[in-house]
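Single-structure report; data block below.
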Amino acid sequence: MNGGVGSLGKKSFSEQDIRSKFITPALQGSGWDLQTQIEEERHLTAGRIIVRGKMVARGNNKRADYVLFAKPNIPIAIVEAKDNKHAVGGDTQQAITYAKMLRVTTAGTTRTRLLNALLHEALTPATPIPEAAE
């Protein structure tokens, strides 16, 4: 799945590189349909409104890297991606927060085996789960 890229090369990948080179192909390879079951960069909120005196600003918006759907408009899982410069587990709380926002019970990250379980278990339960690419 990694196309011969060694772990040193992956350290230089951006989050977008990780998504396009590893996650999207892994989702598709596991049977998830890109057109009907996968939504990338799903907008969740416009950001918190911050008022300070007469100044009003909006905080950062929230978006999920991937939302997986059982059927149209029925989300079942969140997948959060991080580049390899972040600590393992650094995206876990973010994935859990987004899962709660969408009221889904499954959240995975690119740095956990849960992602691999999610990729395979939903559509191909007889397939062994490969080790996570790091």
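Each reported figure results from applying straightforward, stated rules to the coordinates on display, with no laboratory input. The structure displayed is predicted, hence computed values, not measured ones. We place every Cβ from the backbone using ideal geometry, glycine too, and count neighbours over all the protein chains shown.
Observations on the model:
- In this structure, the amide hydrogen of Thr45, modeled 1.01 Å from its nitrogen in the peptide plane, lies closer than 5 angstrom to those of Lys62, counting only residues at least 5 positions away or on a different chain.
- The calculated FRET efficiency for Asn60 paired with Gln16, based on their beta-carbon distance and R0 = 22 Å, is about 0.80.
- Note on His43 and Ser30: their simple-model spin labels are 2.8 nm apart, each label 7 Å out from Cα toward Cβ.
- Formal net charge of residues neighbouring Glu39 (Cβ-Cβ distance under 12 Å; K, R +1; D, E -1): -2
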